[in-house]
Structures are given as C-alpha cells and as structure tokens.
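Visitor: Sharing a structure, written as structure tokens. Questions coming.
The values are calculated or read from the model by the stated rules, or taken from the named source; none is laboratory data. Remember, it's a predicted structure, so these values are computed and weren't measured experimentally. Note: ideal-geometry Cβ built from the backbone for every residue, glycine included; neighbour counts use all protein chains shown. We work out accessible area using only protein heavy atoms, side chains counted, and drop any ligands, DNA or RNA first. Shrake-Rupley method; radii C 1.70, N 1.55, O 1.52, S 1.80 Å.
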Amino acid sequence: MGNFVQELKSTFAEHDDFFIHEEQFDQTVLFLIGYHSLINFSKSNLYFHQMAELSASVDELFTNLSDQLNVDIKQIIKAVLEGKLVILTGDDQRNAVVEPVPQNLRRSIEEPKNESPIQGPLDAFGEDVDINIGLIRKRLGTERLCHSSYEIGELAMRRISMLYIKGKAPNDLIEKIDKKLKQAQSDIEMIHDLNNLFGARKFPPVNHFSVTELPLQAVYSLKRNRVVLFLDNTPYAFVLPHLFWDMLSTANDRDFHVSFTYFIRILRGLGILANLILPALYIAITSVNPEVLKIDLALFVAESREGIPLAPLFETLAMVVLVDLVIEAINRLPKTVGPTVTMVGGVILGQGVVEAKLVSNLLVIVITAMLISGSTIVGMQNSVYIRALKYFILIAASVFGILGICTGLIFICIILSSLKTCDIPYMSFRITEKEDLSEP
C-alpha cells in the first residue's frame, strides 16, 4: 500500500462514509477512493469494470476513465471532498480523478413554497445552480445573457453564479459585483453573509438585494437592468440592486391592463403606509390629539376604551407584539399545523383580551387592518423591515401625537434616501441602461 493511500486513510480516519476499495487489474493493485454519501458506489464500480474490459493496460484504463491524471495529494484530497472518485495504483505512480455516478441529492423542480404567482408558471428554483440557470435560459434565449461563476469560501467552497444581460445592466454595477466576489475570502452561508460581502451597514434597515424563488421574477429583474446571483444549495435567486420600488411591483403585474397594474401598485403603497401609521394613529387620537376628531367620533373612541386599565401605548404595544409573534409562529411551525394553531390561538386570544377588557374593540380592528395591509408588501425581507419601522413611529406618536407620526415618516424617508445598494440610491425609480451596445 502506497504513501498516498496511507495519508488519505489518516486524513479521513474520522469519516465513516469514506471508503477505500481494492481492485486488481492487469496484475496491478488499484484503490477506488471516495465518499459513500456522495458517490453511488455500486453503479460507479460497475462502470469501472466495464471500462476495464475495454482496456488493455492500466495506462489505457486511466486514459479512458479521465482526463485528470497524476495529480498531487492536495488535489486528490480536494477531489474526494468534492465528491469525485479517485483511483490510485498501489505504488503511487499513477492516479486518476474520475467523475462518478453521484448520489441523487437534488430535488426535482417543484412549485414555489413562499411566493404565489398569479396566472404564471408554477415552477420554482431548486438547490442546483445549473438547473436554476437552465430555468433562466429556457425563458431568455439570447446570446446577451452572460454568466460568470465563482468559488468562494474558507472552510467550505461554495459556488456562486452571476447572470446579467449585456447592454442592460450597467458596466459599473457588473464590475463592482465581480470585484467583490473575486475578493471574498470568508464562507458564504446565509443572506447576512452576502449583505456583509457587499458592504452592509452595521444596522441596515434594508438588504442589498431582493430574494425570489420564481424564475419569472428573476427574468423580469434581468430585463430591468438587474444582476442575478445564484448560491449553490440555495433555492433562491438574489437580485441586485434592491430598490424601494421593488416592494411595489412584481412580474405578474404585467398580466393585467396597465391601468389595473398601477392601481394594484398604489394599493401596495397604501398598504405600506397603513402598516406604518395605523397603530401610531390609534395612540395619537386616543391619548395625545383627540381634538383632531369630530365630537361624535371622539366620544365613540372614548366609549370604546371605557374600562380599559392599560394606557393606549402599552395596549397597542401588547397587540402589535402579539401579532408579530403570531406571524413568526406561522413561519416556524410545520406547514401542516402552523396556520391552524396560529388561527385558533389568535381568534381565542383576541376574543379573550376583548372580553377581559384589556384592549378595546377599536384597537382589534386597527390591528387587523394593519396585519392585512402588511401582507400586500412584495417580498418577505421587505415586510420584516416595514414591521420593524412601525415601532419607531409608534413610540414617536405616543410622545408627540400626529406631529410625531409626520416627523417619524419624514425621518424614515431621510434614512431610506441616504441608503445605497452597490452605489445606486435605494430610492431610485430605475437603473440606467448601458449606452454603448456596439461592443462584441
């Protein structure tokens, strides 16, 4: 047994799925090496024997099996970790890195789980980058669709693919993203890691990119001068840059007449505004500025709070936090029981707090309207940060009333206007196309 085999045994001594299988061919000892968890060994071994029957010597066998021959020990270890089948001779003189029959570790193309397309295709991205790119090319058959691939990571190398339409995405944007990906050294596992890679602030209210699992939405973004990233083993597309107006529009909007398209987007904008100010408005008109209401409305509001022991601020905070907990429970519980548990719990708890005179009936109506309006926002990442911003306005309204709501909205607009994603202002309406299309 050669030194290579001994070193591999030592390196992978604690890996129970690692195998070294001995074979004989042309009076030469051969070792087949790899991972059972990544390689279908029975089919790969059968392929090895079929190629052996067609070969007259070990050299001819290795040539028939692979183009990657006689590599060093570091490349052999890397090949094993990547799921390749390594074949070594017993004297360490020859070796080959072979593409095996892999274990089936990928899902087939399924329906989207988190997004609901209307009158659109029902396929969604999976964990395989090549399949995801294929879904894009199937819809966008043009030579201007460019693709660049990167290997990033320190402990675990992850593949990232960048797609863009030449002549659509600005050159400065492409060069900036390319530079960031080439300079990346740390592991990329989550959305937070990608945000840090592209220079996120310490406490960013928004992401640098939007996330979608719909190929239709990714193609729509590419046509709107965006860049799309795919991360290996992640069933989503990451669209850069992410702008404020992306939370108001989707690719499915274009299935309607243009007048209805703008009507739907206006409704989404009203939904964002309602989600931000409804709880704060309740606090303002019940505790700080009741004089803004007509006398009959003011009396109705006062009557609805009769017998409520909690101050409007704590009453509203308790309900808003409760609703956010319900939303988080829906996201975390199993899909089979989550909606049922949260619906029953929410109805019983909501009815209980009203009957116990802990909150007013009017506040329950306000919170319900807030919950419905928040569901109109496009993208889970967007809805989360809008839900977080409403607490700031709520606190401001408890101190300054209507003035606090207006000041809070102005302050949020100033903060969002100061943000940039890949040097493009977050509040931009559109991204300018590249002007010179004469390059080959």
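Visitor: Can you send over the solvent-accessible area of residue 305, 1.4 Å probe, protein chains only, in Å² to the nearest 10?
Guide: Result for residue 305: roughly 40 Å² accessible.
Visitor: State in Å² the accessible area per residue of the chain; use a 1.4 Å probe, count heavy atoms of protein chains only, and round to the nearest integer.
Guide: About 54 Å² of surface per residue is accessible.
Visitor: Calculate one ³J(HN,Hα) per residue across segment 82-92 by plugging θ = phi - 60° into the Karplus curve 6.51 cos²θ - 1.76 cosθ + 1.60, and present them in order as whole Hz with x for glycine and proline.
Guide: 7, x, 8, 9, 9, 10, 10, 7, x, 9, 6
Visitor: Here's something else I'd like to know. Select from 409, 65, 135 the residue whose mean-square fluctuation is largest in a Gaussian network model of the chain (Cα-Cα springs shorter than 10 Å).
Guide: 65
Visitor: For a quick check, take a GNM of the chain with Cα springs below 10 Å and name the residue from 109, 295, 283 with the largest mean-square fluctuation.
Guide: Ranking 109, 295, 283 by mean-square fluctuation puts 295 first.
Visitor: Hey, what did segment 129-241 get for relative contact order, percent, Cα under 8 Å, at least 6 apart?
Guide: 30
Visitor: How much of the accessible area of the chain, probe 1.4 Å, is carbon plus sulfur, in whole percent?
Guide: 59
Visitor: From the phi angles alone, apply the Karplus equation (6.51, -1.76, 1.60; θ = phi - 60°) to segment 109-121 and give each ³J(HN,Hα) in whole Hz, x where the residue is Gly or Pro.
Guide: 5, 10, 6, x, 9, 10, 10, 10, x, 10, 6, x, x
Visitor: So if I take the alpha carbon set of the chain, get Rg, then get Rh from the Kirkwood formula, what is the Rg over Rh ratio?
Guide: That ratio equals 1.11.
Visitor: Given an 8 Å cut-off on Cα distances and at least 6 residues of separation, report the relative contact order of segment 254-421 as a percent.
Guide: Relative CO of segment 254-421 lands at 41 percent.
Visitor: Same structure again: Given +1 on the Cβ of Lys and Arg, -1 on the Cβ of Asp and Glu, and no further charges, what dipole in debye does segment 100-142 carry about its Cα centre, rounded to the nearest 20?
Guide: So the dipole magnitude of segment 100-142 works out to roughly 140 debye.
Visitor: If DNA, RNA and ligands are ignored and the probe is 1.4 Å, what is the ranking of 340, 250 by accessible area, most exposed first?
Guide: Descending order: 340, 250.
Visitor: Expressed as an acute angle from 0 to 90° and rounded to the nearest 10, what is the orientation of the C-alpha long axis of helix 361-374 relative to the principal long axis of the chain?
Guide: 40
Visitor: Here's a follow-up. Treating the beta-carbon of each Lys and Arg as +1 and of each Asp and Glu as -1, no other charges, what is the dipole magnitude of the chain about its Cα centre, to the nearest 20 debye?
Guide: Using only the charged Cβ atoms, the result is roughly 1980 debye.
Visitor: Based on the Kirkwood radius over alpha-carbon pairs, what value in µm²/s does the Stokes-Einstein equation return for the translational diffusion coefficient of segment 49-94 at 4 °C and 1.567 mPa s?
Guide: Taking Rh from Cα pairs, D becomes 113 µm²/s.
Visitor: Continuing with the same structure: Arrange the peptides 161-168, 127-134 so that the one whose residues have, on average, the most other Cβ atoms within 10 Å appears first.
Guide: Highest to lowest by the protection proxy: 161-168, 127-134.
Visitor: Show the residues, 5+ positions off or on another chain, whose built amide H is closer than 5 Å to the amide H of residue 126.
Guide: 132
Visitor: Also, quick follow-up: Provide the per-residue ³J(HN,Hα) series for segment 153-161, in order, calculated from phi with Karplus coefficients 6.51, -1.76, 1.60 and θ = phi - 60°, each as a whole number of Hz, with x at glycine and proline positions.
Guide: Rounded to whole hertz, the list is x, 10, 8, 10, 6, 10, 8, 10, 10.
Visitor: I'd like to compare 387-397, 209-219, 8-18: which one has the highest average count of other Cβ atoms within 10 Å, and what's the full order after that?
Guide: So the peptides 387-397, 209-219, 8-18, ranked by packing, come out 209-219, 387-397, 8-18.
Visitor: Could you tell me which of rounded, prolate or oblate describes segment 254-421, using a ≥ b ≥ c as the square roots of the eigenvalues of the alpha-carbon gyration tensor, with rounded for a/c under 1.5 and, failing that, prolate when a/b is larger than b/c and oblate otherwise? Write out the running numbers ahead of the final one.
Guide: Details: a/c = 1.70, a/b = 1.14, b/c = 1.49.
Because a/c hits 1.5 or more and a/b fails to exceed b/c, segment 254-421 counts as oblate.
Visitor: Moving to a separate point now. At 7 Å along the Cα-to-beta-carbon direction for both residue 73 and residue 332, put a label point, then send me their distance in nm to one decimal.
Guide: 4.8
Visitor: To continue, here is another question. Quick one: accessible surface of residue 25, probe radius 1.4 Å, all protein chains present, in square angstrom to the nearest 10.
Guide: Ignoring ligands and nucleic acids, residue 25 comes out at about 30 Å².
Visitor: A follow-up question, please. Can you tell which of 95, 28, 419 lies farthest toward the positive end of the dipole of the chain, using +1 and -1 charges on the Cβ of basic and acidic side chains (Lys, Arg; Asp, Glu)?
Guide: Of the options given, the answer is 419.
Visitor: Excluding residue 88 itself, calculate the net charge of residues whose Cβ lies under 13 Å from the Cβ of residue 88, where each Lys or Arg counts +1 and each Asp or Glu counts -1. Please report the intermediate quantities before stating the final value.
Guide: Values: positive: 9, 84, 94; negative: 7, 22, 23, 72, 91, 92.
Combined, the nearby Lys, Arg, Asp and Glu give -3.
Visitor: With point charges of +1 on the Cβ of Lys and Arg and -1 on the Cβ of Asp and Glu, referenced to the Cα centre of segment 129-241, which listed residue (212, 140, 160) lies farthest in the positive direction of the dipole?
Guide: In segment 129-241, that residue is 140.
Visitor: Here is a further query. Between residue 54 and residue 91, how high is the FRET efficiency from 1/(1 + (r/R0)^6) when r is the Cβ-Cβ distance and R₀ = 30 Å? Nearest 0.05.
Guide: That gives a FRET efficiency of 0.80.
Visitor: Let me ask something else about it. Defining a contact as two alpha carbons under 8 Å apart and six or more residues distant in sequence, what relative contact order in percent does the chain show?
Guide: 14
Visitor: Would you list 46, 243, 349 from the most to the least accessible area, probe 1.4 Å?
Guide: Accessible-area ranking of 46, 243, 349, largest first: 46, 349, 243.
Visitor: By how many degrees, 0 to 90 and rounded to 10, does the Cα axis of helix 295-304 deviate from the longest principal axis of the chain?
Guide: The answer is roughly 60 degrees.
Visitor: How do 413, 146, 422 stack up against each other in accessible area, from largest to smallest, with a 1.4 angstrom probe? Let's see the in-between values first.
Guide: Values: 413 75, 146 35, 422 10 Å².
Greatest to least solvent exposure: 413, 146, 422.
Visitor: Does segment 105-195 classify as rounded, prolate or oblate by the C-alpha gyration tensor (a ≥ b ≥ c root eigenvalues; a/c under 1.5 gives rounded; else a/b over b/c gives prolate, otherwise oblate)?
Guide: Oblate.
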